[in-house]
Amino acid sequence: MECIKVKDLLKRYGNTVVLNGISFEVKCGEKWALLGPNGAGKSTTLKILAGLIKPDKGEVSIKGHDPTSLDAKRLIGYLPEDADPFPALTVEDNLKFMMVLRGIKNEDRAEKLLELLELDKYRKYKAVELSRGNKQKLAIAMAVLHSPEILLLDEPLNYLDIPSQDLVIELFRSFRDSTFVVSTHIMSVADKLTHKVMVISNGSIKWMGTFEELKSMG
Ligand code: ADP
Ligand code: ADP
């Protein structure tokens, strides 16, 4: 079954076309990287999938739902690039805010994420007091708090040192059945988190396939 369907996206900012004829389908449970250089259109594509911005033309379906609908938002966990949790709220209050937003009453999941990501010792810190890496980990915890079926992750390993990357990779690997679209400009990051890759450049998908195929092309 298709979890994500995208057809003929066109997106302009002013007179500049940033997405031009993007089409793809992601089956439920598939894990895709959106690999491409800075400015290729990765973040814009993810924002459209997450229902944050609308394309000028084209169609997007999230399990049959419009991406701006509440039905789609319930299915999706979105990690923005340079994610910035509420600076004046503590780590645990940022998570509590997400619990309210997501209608989650049980605190076990939030606790578990604090432990898994080794954020428990910072629970009383305001987000503004965290290092950039710990801020990124908090944003990841906030994005996956409701155990989303569909994860849209924009440069998820940014700012993380190697031990933190390992924690985060392990967390994402626990989402075995979920569908992933992960944007990155780093091939090794894509390879660690996903099985398949779309290469995007200048607002168009240039290539789609497996990592084995991509590597064998040299
Ligand atoms: P990537 O994530 O691959 O680096 P983006 O989707 O962020 O690429 O950006 C694609 C292009 O759109 C870039 O040229 C960027 O400068 C431009 N762009 C993105 N957001 C905006 C915006 N809000 N206003 C104007 N131009 C934008
Ligand atoms: P990094 O991720 O670079 O290790 P941390 O956020 O863990 O950065 O902070 C580094 C050190 O500074 C830690 O020992 C942490 O306890 C301390 N620290 C950071 N922010 C605060 C704060 N607001 N109050 C007290 N100590 C802090």
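The values are calculated or read from the model by the stated rules, or taken from the named source; none is laboratory data. Here the structure is a predicted model, which is why all the values come from computation and not from measurement. Note that each Cβ is placed from the backbone with ideal geometry, even for glycine, and that neighbours are counted across all protein chains shown.
Here the condition is being hydrophobic (A, V, I, L, M, F, W, C) and under 14 Å from residue 182 (Cα atoms); of 50, 88, it holds for 50 alone. Taking residues in the range 111-139 that are under 18 Å from residue 82 (Cβ atoms), and partners anywhere that are aliphatic (A, V, I, L, M) and within 16 Å of ligand 1 (Cβ to nearest atom), the pairs with Cβ atoms closer than 8 Å and at least 6 places apart or on different chains are 135/83; 136/83; 139/79; 139/83.
Just to be sure before I move on: is residue 155 within 18 Å of residue 76 (Cα to Cα), modelled with pLDDT of 95 or more and either within 16 Å of ligand 1 (Cβ to nearest atom) or among the acidic types (Asp, Glu) (or both) in the structure I sent? So that I can check it myself, show each step before the final result.
On the way: within 18 Å of residue 76 (Cα to Cα): yes; modelled with pLDDT of 95 or more: yes; either within 16 Å of ligand 1 (Cβ to nearest atom) or among the acidic types (Asp, Glu) (or both): yes.
So residue 155 fits the description; yes.
Is it the case that residue 72 is away from ligand 1 (no atom under 16 Å from the Cβ) and either on the phi > 0 side of the Ramachandran plot or of a type in the set (A, V, I, L, M, F, W, C) (or both)? Explain how you work it out, then say what you get.
Values: away from ligand 1 (no atom under 16 Å from the Cβ): yes; either on the phi > 0 side of the Ramachandran plot or of a type in the set (A, V, I, L, M, F, W, C) (or both): yes.
Spelling it out, residue 72 is indeed away from ligand 1 (no atom under 16 Å from the Cβ) and either on the phi > 0 side of the Ramachandran plot or of a type in the set (A, V, I, L, M, F, W, C) (or both).
Within the range 75-186, considering only helices (runs of 4 or more DSSP H) that don't extend past its boundaries, which have at least 2 residues that are more than 30 Å from residue 39 (Cα to Cα) and more than 16 Å from ligand 2 (Cβ to nearest atom)? Spell out how you get there, then give the answer.
Values: elements: 91-102, 108-116, 132-144, 162-173.
Here the list reads 91-102, 108-116.
When residue 30 is tested against the conditions (1) of a type in the set (Asp, Glu); (2) within 18 Å of residue 146 (Cβ to Cβ); (3) buried (at least 17 other Cβ atoms within 10 Å of the Cβ), the lone failure is (2).
For residues in the range 174-193 being of a type in the set (S, T, N, Q) and within 16 Å of ligand 1 (Cβ to nearest atom), which is nearest to residue 62 (Cα to Cα)?
From the range 174-193, those of a type in the set (S, T, N, Q) are 174, 178-179, 183-184, 188; that's our starting set.
Restricting the remaining residues to those that are within 16 Å of ligand 1 (Cβ to nearest atom) gives 183-184.
Working: 183: 18, 184: 21 Å.
Across the range 174-193, the extreme among qualifying residues is 183.
Looking across the range 8-53 at every residue that is free of Cβ contacts under 8 Å to residues at least 24 places away in the same chain and part of a loop (DSSP other than H, G, I, E, B), the one that is farthest from ligand 1 (Cβ to nearest atom) is identified as 15. For the range 58-73, residues that are surrounded by 14 or more Cβ atoms within 10 Å (Cβ to Cβ) and in contact (Cβ under 8 Å) with a residue 24 or more places away in the chain total 5. All of (1) acidic (Asp, Glu); (2) in a strand (DSSP E or B); (3) at pLDDT below 95 hold for residue 59 with one exception: (3).
So, residue 118, is that one surrounded by fewer than 15 Cβ atoms within 10 Å (Cβ to Cβ) and touching a Leu at 6+ places or on another chain (Cβ under 7 Å) or not? Walk me through how you get there before you give the answer.
Values: surrounded by fewer than 15 Cβ atoms within 10 Å (Cβ to Cβ): yes; touching a Leu at 6+ places or on another chain (Cβ under 7 Å): yes.
Taking the combined requirement at face value, the residue satisfies it.
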